[in-house]
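Here the structure is laid out as structure tokens; the discussion comes afterwards.
The values are calculated or read from the model by the stated rules, or taken from the named source; none is laboratory data. Computed from a prediction, not measured in an experiment: that's the story for all the values here. Positions of Cβ are backbone-derived with ideal geometry, glycine not excepted, and every protein chain shown enters the neighbour counts. Only protein heavy atoms, including side chains, enter the accessible area calculation; ligands, DNA and RNA are left aside. Shrake-Rupley method; radii C 1.70, N 1.55, O 1.52, S 1.80 Å.
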Amino acid sequence: MRRYGALQEEALSSVARRLVAPLPDSPVVMDVGCGAGAMSVPLVSALREHGGGVLVLVDATPELLDAACTAARAEADGAVSVKPVLADLATEDPLSFSGPVELIWASRVIHHLPDQLRGVRRLVSALAPGGWLALAEGGLETRFLPWDLGVGEPGLQDRVAAARAEWFTLMRENMAGSVRLPVGWNVALADAGLGEISAFSFVVDHPAPAKHLVREWAVDRLTWLAEITGPYLHAADRAALRRLLNPSDSEYVGAREDVFLLETDTVHLGRRR
């Protein structure tokens, strides 16, 4: 998570400034599903530039919450109050604290909830009148491998992406209490009672030749993809992945200079009336 956050830092800093700019003085901002703090630090920095405020960090994993809180407080420099909340949005109510929230940021969190629309509505209920909800969900498929790797058949990443989509569909279907959300995020935000709905996308671009951090991230990413997509891939593709993830192999992805990172994420915005 820290490697990925470091690679997203520049783009997320721009997003944080954009989201904080229209807020009132001394706003309360919440980072739901903060992880290791990839967005927490940019939000603190944006709040400092805005004159200060409060940042509430919410996560269900104590180690991640501690890491995010430590990093955010180091950036706060006394100008921003950082408050950690250990809670799981799927089963608990992490939003019951004093004070209205002017901005809630939730990145790749809602799609893990059994009832996604209910989760959005719970976030909306914590907003102050005029407060903003920013959901980072969707975008374009992350690309990081050449079309022809010289290992297996060309187009491996596209086949892995298709297998990941199949895995995701089954993951949602097998989730206890799962409820489908058969609409786009703009419609979901409107159904949750928000207005002034819009969206924008941001790009994370680290072209080849790859810096070492990109290659380390690529190993992490491909390892995870191999784990979840294995049952849905042809044996030849599974063999290609084993070679790419073998540090002793000449085609090891962690040593390739043609690895890159190109990602486009979309932020969906709505305002409480």
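Put simply, the amide H of Val101, placed in the peptide plane, has neighbours under 5 Å in Ala128, leaving out anything fewer than 5 places away on its chain. Ranked by solvent-accessible area (1.4 Å probe, protein heavy atoms only, all chains present), the residues Glu263, Glu63, Glu166 order from largest to smallest as Glu63, Glu166, Glu263. Ligands, DNA and RNA aside, Leu86 has an accessible area near 100 Å² when probed at 1.4 Å. Among 171-178, 145-152, sorting by the average number of other beta carbon atoms lying within 10 angstrom of each residue, highest first, gives 145-152, 171-178. Largest accessible area first, the listed residues Leu64, Leu133 line up as Leu64, Leu133 when surface is computed with a 1.4 Å probe on the assembled protein chains. Largest first, the residues Ser125, Ser81, Ser13, Ser40 sort by 1.4 Å accessible area into Ser125, Ser81, Ser13, Ser40. Per-residue surface analysis assigns Arg18 an accessible area of about 140 Å², computed on protein heavy atoms at 1.4 Å probe radius.
The distance linking segment 1-61 with segment 124-151 is 15 Å (Cα centroid to Cα centroid, whole angstrom). Between Glu166 and Asp77, the FRET efficiency from the beta-carbon distance, with R0 = 30 Å, is close to 0.05.
Pairwise inverse Cα distances across segment 1-272, averaged and inverted, put the Kirkwood hydrodynamic radius at 19.8 Å. Computed from backbone phi, the HN-Hα couplings of segment 264-273 come to 10, 10, 10, 10, 9, 10, x, 10, 6, 6 Hz, rounded to whole numbers (Karplus: 6.51 cos²θ - 1.76 cosθ + 1.60, θ = phi - 60°; Gly and Pro given as x). Here's how it looks for Ala199: its modeled amide H is under 5 Å from those of Leu269, which are all 5 or more places away or on a different chain. Which log10 I(q)/I(0) values, to two decimals, does segment 36-94 give at q = 0.22, 0.25 Å⁻¹ under the Debye formula with one point per Cα? The calculated log intensity ratios at q = 0.22, 0.25 Å⁻¹ are -0.76, -0.92.
One chain, two ends: Thr70 and Ile228. Fully extended at 0.36 nm per residue, the span grows by 53.7 nm beyond their Cα-Cα distance. The helix-based estimate of mean residue ellipticity at 222 nm for the chain, built from -39,500 (n - 2.57) per DSSP H run of four or more residues and divided by its residue count, is -13000 deg cm²/dmol to the nearest 500. Under 5 Å between amide hydrogens, built in the peptide plane, is the criterion, and for Val179 it picks out Asp115, Gln116 among residues at least 5 positions away or on other chains. At an R0 of 25 angstrom, the distance between the Cβ atoms of Glu141 and Arg242 translates into a FRET efficiency of 0.65.
How much FRET efficiency would the formula 1/(1 + (r/R0)^6) give for His212 and Ser125, where r is the Cβ-Cβ distance and R0 is 41 Å, rounded to 0.05? It comes to 0.40.
The alpha-carbon atoms of segment 173-249, seen along their principal axes, cover 55, 34, 18 angstrom, with the largest extent given first.
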